[in-house]
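First up is the structure itself, then whatever we jot down about it.
Just so it is clear, none of the values below were taken in a lab; they were calculated from the coordinates. On a predicted model such as this, the values are computed, not experimentally measured, just so you know. Ideal geometry is used to build each Cβ from the backbone, glycine not excepted, and the neighbour counts take in all protein chains shown.
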Amino acid sequence: MTDEGKYVLHTWTRQSDWSGPTVVGGQGAWFWDADGRRYLDLSSQAECCNLGHQHPAVVRAIREQASSLCYVSNNWGATPRRDLARRIVSIANGRCATGGSQAQEEAAGTAEQGHASPDRQAGFGRVFFTCDGAEATENAIKMARWYTGRHKILSRYRSYHGATHAAMKAGGDARGWNTADGLTGVVHLLPPYCFRCPFGLHYPTCSIRCAAHVEDVVLFEGPHTVAAIIAEPAAGTNGIMPPVEYWPRLREICDRHDILLIADEVMSGFGRCGDWFAWQRLRAKPDMFTMAKGLTGAHIPLGAVCVSTRVAAYFDDHLLETGLTYSGHPLACAAGVAAIQAYEDERLIQRAQELGAWMLGRLHELQARRGIIADVRGLGLFAVLEMDDSDKGSPMPPFPRPLPWLKQLVRTALERGVSVAARGNLLIVCPPLVIDQAELDSGLSVIEDLL
Ligand SMILES: Cc1ncc(COP(=O)(O)O)c(C=O)c1O
């Protein structure tokens, strides 16, 4: 056992509870510790190692970039920064991330900017780089406020947007309870949580009441005061999977009231939900979206906000009053370029859709055999098993309620070589996109056994 716990404050834990094995290596969906024990990764660590561990092309790109240029500030250009932004914009605009010359890309971008008025349908224009997901949330909110000249931000209960003061306030879960209010003007919405519908309704006869509720709140708050709605389109550590109609309904509401829609794709992006971004799968374009985690497959910390052409154009003649020393760090951006190339070369986005469909079927079979599983939901290679923790008839618990036996299950699974994540009464299954079907099946068999 290492003495790391003596020196490091580890995240999200009482320090005396921490006892992690020291990990020294990994490959694909596997990683191993200093004692040579191997673990199959069914959570992609913190839902971020979408490309598995030590993806060779990403590691090579980092090494090559390090040998030429590690860092240069934003006063100077950096080729990987420019390349990564261009690829993100390409993907967001529905074009192949790597195909097309710069001239073709620019022509397509100009056409997109020109074809709609007031250009709600226009494409994405530019990318602001951050170091992580929370900073992406913070900067998306800043930009939305400057652009609209409005102050209020609508977000949902049972959501998470990062752990900085403002991002914590923008989120809506118990992790923010004991953090001082770091952002004024946030109004929380009830979540689209079909399994325990806050409106007591049932899908699909509910007419998506949770979306109508959003418009009610907009009207009560005064649409002219609302800058943006920020939400995870699908997935997230609260395990919320809205009905498919919900996200396009948010788009319509935002259009009606000239409010910006911000998609938090930090967890759901880069193939996790079976498309590059979940909003693409759900077929409604936001005005901005944030990303991190899968952007480099967690090989190097990096986050970003991609903004529509009209938001981007605003900053042509307005000061962008924000900055970070490491915005667009060349090493991180080189990792991002290589990661996107790897998603494409290995067809991992499509694979997440196909393998995800198989995984969801497998988990539904598991539910049929294990009565303790109350609900199974998911999209792509992100799934949640919600355990039955209810005293039937009791009020809806505000947030996932910790289940000691589920924590124990996670520990025992680790002893059997399977790493899986639990949060409250949710077991979260989101393996690296590169995992083999047979490996995934064997990992799920261990979980089934333990359940
Ligand atoms: C949806 C979502 N947004 C934002 C964040 C914050 O990202 P980071 O931890 O990189 O700051 C997370 C982290 O888990 C997340 O899941």
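Computed quantities for the displayed model
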| item | result |
| --- | --- |
| Separation between Cα centres of segment 174-237 and segment 35-54, rounded to whole Å | 32 Å |
| Most to least packed among 168-179, 368-379 [average Cβ atoms within 10 Å] | 168-179, 368-379 |
| Cut-off under 5 Å, modelled amide H: who pairs with LEU40 long-range | VAL418, SER419 |
| Distance between segment 326-373 and segment 252-278 - C-alpha centres, whole angstrom | 17 Å |
| Inter-label distance, nm, simple model (7 Å from Cα along the C-beta direction), LEU320/ALA357 | 3.9 nm |
| For the chain, share of DSSP beta bridges that run antiparallel, in % to the nearest 5 | 65 percent |
| Sequence-separation-based contact order of segment 62-345, relative, with Cα cut under 8 Å and 6+ spacing, percent | 27 percent |
| Alpha-carbon spread of segment 62-345, three principal axes, descending order, Å | 58, 44, 38 |
| Inter-label distance for GLN408 and THR225, nm, one decimal - labels placed 7 Å from Cα along Cα-to-Cβ | 5.0 nm |
| Amide proton proximity set for GLY171, modelled H, under 5 Å, gap of 5+ | HIS161 |
| In sequence order, calculated HN-Hα J values of segment 344-351 (Karplus, 6.51, -1.76, 1.60; Hz; x Gly/Pro) | 6, 4, 9, 6, 6, 5, 5, 4 |
| Alpha carbon convex hull of segment 224-301, volume per residue in cubic angstrom | 90 Å³ |
| HN-Hα J in Hz across segment 434-445 - Karplus 6.51, -1.76, 1.60, θ = phi - 60°, x for Gly and Pro | 8, 5, 6, 4, 5, 5, 4, 4, 5, x, 5, 5 |
| Distant-in-sequence amide H partners of ARG401 (H built 1.01 Å from N, under 5 Å) | ASN425 |
| HN-Hα J in Hz across segment 28-38 - Karplus 6.51, -1.76, 1.60, θ = phi - 60°, x for Gly and Pro | x, 7, 10, 9, 9, 9, 5, 8, x, 6, 9 |
| Extension gain (nm, one decimal) between ARG283 and GLU346, 0.36 nm per residue minus Cα-Cα | 20.3 nm |
